[in-house]
Amino acid sequence: MPLVTSKEMLEAALEGHFAVGAFNANNMEQIQGIIDAAVEERSPVILQVSQGAINYVGLSLATAMVKTAAEEATVPVVLHLDHGASFEQNVTCLRAGFTSLMFDGSKLVYDENVRITRKIVEMSSVVGIPVEAELGKVLQSRDNVSEADVRAAMTDPDQAADFVERTGISSLAVAIGSVHAMEAAEAELDIDRLKAIRAKVNIPLVLHGSSGVKESSEVEAIQYGISKINVATMLNQAFIKGILDGYAANPANIDPRKWLALSRDGVKEVVRQKMRLFGSSGKATASGFVSPATSHRSAELGHLE
């Protein structure tokens, strides 16, 4: 089916108390694994492309691969810009056909973050494309951050309310204890802070850096407004493991497809597990989403298929 926007998808997730997985796609095999899992799980899905992926694959090819995979899928698929670094990058991705944008101005002074975010919202709203923005800072594990650093970078609930009102964004990425690129799930989210943000903000909230978060903490966060959860590092780990396992089993192989197929299957299994954890399995139909009133039963049926 054609690409859809993230606005309706995340609003359905918020109302239905589940989260949609937003999976980073860096190559064809990852895209295939993500889409295959979504179709089999009957789950809505967000494929997101980062600046790094754009630099690696090229914007036109990345967009075309996701569009083609979405057209062949029977579940709703979003093409999302992950951590767009500028107004210009967001405009370029909008023109390329992305159906969801993000501006990450978290490193800017507050008023400048507001100004640029609002400018992007005004631009994209003309054609009905929603915008995600980040407030607070989800730090990088490679920077050797301490617990005190993570806490100091967390989103302020009062500032979040002001930010949403002044920018008009459709979803807000919040810093509540996760860290980008952690290789093990060890972090506990600050649920009390999340509750405080949720009390002041009525749009879907987004969790970045989920690969380093304990699953029990993710599940709890979904009940307090986390409606989109980004997954990247775990997919890359599964992809590399497939190649290593393939090489270990047959080092004389000269057909890369034999190893890449293992990588694709590994990515697919991670995505499947996350969709079940987030509660999105069984929430998709060919034309949209099941209603919240029937979502619990639909999820159960989805697991039995």
Within the chain, the percent of DSSP beta bridges that are antiparallel, given to the nearest 5, stands at 5
With +1 on the Cβ of every Lys and Arg and -1 on the Cβ of every Asp and Glu, the dipole magnitude of region 6-298 about its Cα centre, in debye rounded to the nearest 20, is 460
If one compares the long axis through the Cα atoms of helix 6-16 with the longest principal axis of the Cα atoms of the chain, the angle in degrees, nearest 10, works out at 80
When the chain is treated as a Gaussian network with springs between alpha carbons less than 10 Å apart, the largest mean-square fluctuation among Met102, Met275, Met154 is found at Met154
Reduced to Cα centres, the span from region 187-211 to region 63-89 in Å works out to 24
Two pseudo-spin positions, 7 Å from Cα along C-beta at Lys107 and at Asp192, lie apart in nanometres by 3.2
Which of Leu61, Leu205, Leu101 fluctuates most in a GNM of the chain (C-alpha springs under 10 Å)? That residue is Leu61
Note: Glu71 to Ala249 extended length (0.36 nm per residue) minus current alpha-carbon separation gives 60.6 nm
Given (1) 0.95; (2) 1.05; (3) 0.99 as possible values of Rg/Rh (Cα atoms, Kirkwood Rh), the one from the coordinates is (1)
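Any read-out appearing in this document is the output of simple, stated calculations on the displayed coordinates, not a laboratory observation. These figures come from a predicted structure and were not determined experimentally. Glycine gets a Cβ as well: all are built from the backbone with ideal geometry, and neighbour counts include every protein chain shown.
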